[in-house]
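Asker: Please read through the structure below; I'll follow up with questions.
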Amino acid sequence: MIKVGIVGATAYTSLELIKILLRHPDVDISYLGTRREGDFKISDIFPVLTNTLDMPCSQMAQDDLPEGLDMVFVTLPPVIAMQYVPTLLNAGTRVVDLSADYRFQKKSIYEKWYKAKHTDPSNLKNAIYGLPEIFREKIRTAKLVANPGCYPTSAIIGLAPLISNGYVYT
């Protein structure tokens, strides 16, 4: 079984991710972390999960994240996500970041578009853009996968065959 955690578990994106992970026969959701205070279960936030996943959520701290997980999905907002990713990577955990914090390999481009300082530039160059239609083999071994956004995905999927067959020049 693949032991999976979700950092930012109370985000709507997490609900959809949980639904997908629950259908995977080899995944064990082992950790649900949140920035919210208090004792509650994920099904308290998302009643649709009642009797399906009644797991407690843990309040997380940047320097005190769970160990022993094979993979963690980070579903925190941009700028916040990069505060947690280095700790996870340093613990040897594979990370899939669903924010935009690792989508650009150049710090200057990130800072231009998001109007925020990137505090983890050393991991930018190691992030693999998580578009399996194009980067499947790199994703298989990546320690950090930057999940692409919906708008860029729609453009890239349409343009990739044209570029690779020489109809569009970059």
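Asker: Condition check: within 21 Å of CYS150 (Cβ to Cβ) and not aromatic (Phe, Trp, Tyr). Does ILE80 satisfy that?
Answerer: yes
Asker: Condition test on LEU32, is it touching a helix residue (DSSP H, G or I) at 6+ places or on another chain (Cβ under 6 Å), under 30 Å from THR119 (Cβ atoms), in contact (Cβ under 8 Å) with a residue 40 or more places away in the chain and surrounded by 16 or more Cβ atoms within 10 Å (Cβ to Cβ)?
Answerer: So LEU32 fails the test.
Asker: Another question about this same structure. Select from the range 54-71 the residues that are modelled with pLDDT of 90 or more and in contact with a helix residue (DSSP H, G or I) (Cβ under 6 Å, 6 or more places away or on another chain) and list them in ascending order.
Answerer: Selection gives ASP54, MET55, CYS57.
Asker: Determine, yes or no, whether SER154 is over 14 Å from the mean Cα position of the chain (by Cα), at pLDDT 95 or above, loosely packed, with under 15 Cβ neighbours inside 10 Å and more than 18 Å from SER14 (Cα to Cα).
Answerer: Answer is no for this residue.
Asker: Then there is this: Quickly run through the range 70-85 and pick out the residues that are surrounded by fewer than 17 Cβ atoms within 10 Å (Cβ to Cβ), more than 21 Å from ILE29 (Cβ to Cβ) and not hydrophobic (A, V, I, L, M, F, W, C).
Answerer: PRO77, GLN83
Asker: Got a sec? Which of LYS107, LYS112, LYS117, LYS125 is exposed (fewer than 14 other Cβ atoms within 10 Å of the Cβ), of a type in the set (D, E, K, R) and touching a helix residue (DSSP H, G or I) at 6+ places or on another chain (Cβ under 8 Å)?
Answerer: Criteria check complete, one pass: LYS117.
Asker: Looking at VAL7, VAL27, which one is within 18 Å of PRO77 (Cβ to Cβ), modelled with pLDDT of 95 or more and β-branched (Val, Ile, Thr)?
Answerer: Only one candidate passes the filter, namely VAL7.
The values are calculated or read from the model by the stated rules, or taken from the named source; none is laboratory data. Small disclaimer: the values here were computed from a predicted structure and weren't measured. Neighbour counts run over all protein chains shown; Cβ positions are idealised from the backbone, glycine included.
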